[in-house]
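The values are calculated or read from the model by the stated rules, or taken from the named source; none is laboratory data. Note that the structure is a prediction, hence the values are computed from the model and not measured. Neighbour counts are summed over all protein chains in view; Cβ atoms, including those assigned to glycine, are modelled from backbone coordinates with ideal geometry. To get the accessible areas, we keep the full protein, side chains included, count just its heavy atoms, and leave off ligands, DNA and RNA. Shrake-Rupley method; radii C 1.70, N 1.55, O 1.52, S 1.80 Å.
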Amino acid sequence: WLKRVNPTQFISQNGAMGSARAVIFFAIAAFVLATSLQGCGNKPAPTPTPTPPPSPPTTTTTTTTTTASSEWTLPPIEVKGSHLYDSKTGKEFRAKGIGMPNSGEDVKEWIAVLQRIKSIASNLNVVRLYGLPTCASVSDCFKAFMLEADKLGVYVLAPGTGTTWGWLPGSASACTPATADGCYKAGAVLGWGQTIIQRFNYPNTLAIVVGNEFDMQMLPFIPALKAYVRDLKAHMKMCNTNDASLTKGQMRSIPLMYACSDDRGNEGVFPKADYMFCDTEATSVDIFGLNVERWCDDSAGKVVYDGINSFIAGRQYPGSFFFSEMGCSKTNVAGHVRTWTQVHDFFNDFPAIDGFTAYTYSGNKDFDMFDSPLANATENEDGQHFFSGMKALGGEPQTNPVPSKRPTCPSTILGDAITSYHDVQTYNTGPAGEPSGCPKPYQNSNDDGRSDVVVV
């Protein structure tokens with residue numbers, strides 16, 4: 001198969017970073033340009049000016065709260081052992097989703113698209129966001145979308161990287177110096193992630209996607225991803241413990257996902273999964289996503305998926321394994337229309353895989369199911385096949401959490417030496433990283449903004 005390249009990750013830096021003080025000063029000017037679609041496709045890549053964010057952002061991933069009433073109905077999803085579980089019922093959570101399009105600046109249009117999707121597939125329970133309306137990173141404007149998703153029974157994968165700022169580089173030339181530490185700081189991604197924590201601290205945020213296919217061109221610099229995960233988890237811990245944080249004692253540890261490329265198949269994917277799960281919980285992703293593109297033929301595709309499922313089942317990772325994008329490029333499929341047969345009886349066939357987000361509603365002509373990113377878009381034959389498959393999903397087998405096995409960090413991956421992520425240092429992101437940048441609690445609040453619920 002042909003491997004696509006994610007252009008929003010292949011961004012060159014147009015100058016070395018100045019002092020932290022100067023960078024913070026110019027943050028607000030960059031804010032309104034911060035987001036755009038980060039999925040697959042041949043879109044022109046913007047040239048960013050790195051700036052940090054402005055001010056206002058074992059069960060291993062969530063806290064559970066009790067309250068008499070709330071505007072939210074969905075309970076948080078948490079990671080236990082190798083799978084996802086409903087924090088209220090204790091049942092295993094099976095994700096059935098699709099990639100959302102970038103529907104512009106009107107949040108009402110985003111809601112309308114979500115309603116359209118749900119009207120076609122009532123059992124769909126996850127959407128993956130690649131971009132956001134610009135208001136979503138500077139205000140609570142997107143809460144209306146999250147509330148509607150909650151009402152419809154839908155969890156959300158939020159983008160943990162931006163483009164104009166908050167990006168991960170796609171070339172060593174964007175890093176100063178050309179090290180994992182230099183790459184981590186190049187696009188001020190940590191400040192972006194802290195902002196997303198601030199704006200997406202909702203019970204139906206399934207996870208924050210900390211990177212998309214960064215490994216494809218930047219494999220020697222992958223320790224930057226481990227450092228990013230480490231620092232976001234430390235930030236959430238601070239928000240839960242610091243007296244000045246509005247979410248003290250109530251901050252959920254939002255799961256973190258990495259969406260890995262399918263480059264070089266199992267030979268490339270499995271060592272990267274080992275790496276992203278290795279060492280400690282404080283430095284590891286909670287969900288490893290694979291942007292899998294290998295079901296281009298029904299017979300061969302089944303063999304490939306069986307192989308992935310068998311490996312993951314035997315590995316017993318300390319976290320969930322997820323198809324963060326699923327679907328072959330239509331250019332590699334006979335007749336250029338995908339059958340989506342893999343959706344049929346998915347969880348009975350592949351029980352080690354916790355779910356999928358099909359790629360995609362709209363945004364890449366080689367993967368599109370609709371002809372525009374709007375709610376009134378025309379569904380094509382590819383989309384018809386996918387949504388027909390959703391009606392044939394079959395059962396959702398339940399398992400109880402079992403002890404997991406944390407892998408040893410590899411020193412090389414695919415022949416590239418991997419340096420220690422301990423050499424990648426955290427950095428000052430200004431107010432975004434301070435207690436004042438922590439999110440408000442999503443539970444019912446008193447007049448001072450603090451929730452009256454108790455964390456249990």
Return the only residue of SER137, SER171 being of a type in the set (S, T, N, Q), open to solvent by 10 Å² or more (accessible area, probe 1.4 Å), touching a Phe, Trp or Tyr at 6+ places or on another chain (Cβ under 7 Å) and over 23 Å from PHE288 (Cβ atoms). SER171
(1) among the aromatic types (Phe, Trp, Tyr); (2) under 14 Å from LYS405 (Cα atoms); (3) surrounded by 21 or more Cβ atoms within 10 Å (Cβ to Cβ) all hold for PHE311 apart from (3)
From the option list THR47, THR61, THR73, THR89, single residue qualifying as surrounded by 15 or more Cβ atoms within 10 Å (Cβ to Cβ), assigned to a loop (DSSP other than H, G, I, E, B) and either modelled with pLDDT of 95 or more or polar (S, T, N, Q) (or both) is THR61
Hey, TRP192 at pLDDT 95 or above and open to solvent by less than 10 Å² (accessible area, probe 1.4 Å) or not: yes
The number of residues in the stretch 176-189 that are open to solvent by 10 Å² or more (accessible area, probe 1.4 Å) and either at pLDDT below 95 or part of a loop (DSSP other than H, G, I, E, B) (or both) is 4
What number of residues within the stretch 416-438 are under 14 Å from ALA227 (Cα atoms), open to solvent by 20 Å² or more (accessible area, probe 1.4 Å) and part of a helix (DSSP H, G or I)? 2
Just checking, which of THR408, THR412, THR331 is open to solvent by 50 Å² or more (accessible area, probe 1.4 Å), out of contact with any Lys or Arg (no Cβ under 9 Å at 6 or more places or on another chain), under 30 Å from SER103 (Cα atoms) and among the hydroxyl-bearing types (Ser, Thr, Tyr)? THR331
Which residue is farthest from PRO159 (Cα to Cα), if the candidates are limited to the stretch 195-214 and must be of a type outside the set (Phe, Trp, Tyr) and open to solvent by 10 Å² or more (accessible area, probe 1.4 Å)? GLN198
Sole miss for LYS272 among (1) in a loop (DSSP other than H, G, I, E, B); (2) over 20 Å from ASN123 (Cα atoms); (3) in contact with a strand residue (DSSP E or B) (Cβ under 7 Å, 6 or more places away or on another chain) is condition (1)
For SER362, only one of the following conditions fails: (1) surrounded by fewer than 21 Cβ atoms within 10 Å (Cβ to Cβ); (2) within 23 Å of ALA158 (Cβ to Cβ). What is its number? (1)
Test each condition in (1) hydrophobic (A, V, I, L, M, F, W, C); (2) out of contact with any Asp or Glu (no Cβ under 7 Å at 6 or more places or on another chain); (3) surrounded by fewer than 24 Cβ atoms within 10 Å (Cβ to Cβ) for LEU219 and report the one that comes out false. (2)
Being surrounded by fewer than 24 Cβ atoms within 10 Å (Cβ to Cβ) and either touching a Ser or Thr at 6+ places or on another chain (Cβ under 7 Å) or over 21 Å from GLY97 (Cβ atoms) (or both) is the requirement here; does ASP306 meet it? yes
A careful count of residues in the stretch 407-426 that are within 20 Å of MET216 (Cα to Cα) and charged (D, E, K, R) gives 1
Read through the list (1) at pLDDT 95 or above; (2) open to solvent by less than 10 Å² (accessible area, probe 1.4 Å), then give the number of the only condition that ALA34 fails. (1)
Just checking, how many residues over the stretch 334-349 are of a type in the set (Val, Ile, Thr) and part of a helix (DSSP H, G or I)? 2
Could you check, for the stretch 276-288, whether at least one of its residues is crowded, with 17+ Cβ neighbours inside 10 Å and in a strand (DSSP E or B)? yes
Are there any pairs with C-beta distances below 8 angstrom linking a residue in the stretch 227-253 that is farther than 9 Å from CYS438 by Cβ and assigned to a loop (DSSP other than H, G, I, E, B) to a residue that is among the hydroxyl-bearing types (Ser, Thr, Tyr) and open to solvent by less than 10 Å² (accessible area, probe 1.4 Å), with the two at least 6 apart or on different chains, and if so which? ARG252/THR61; SER253/THR61
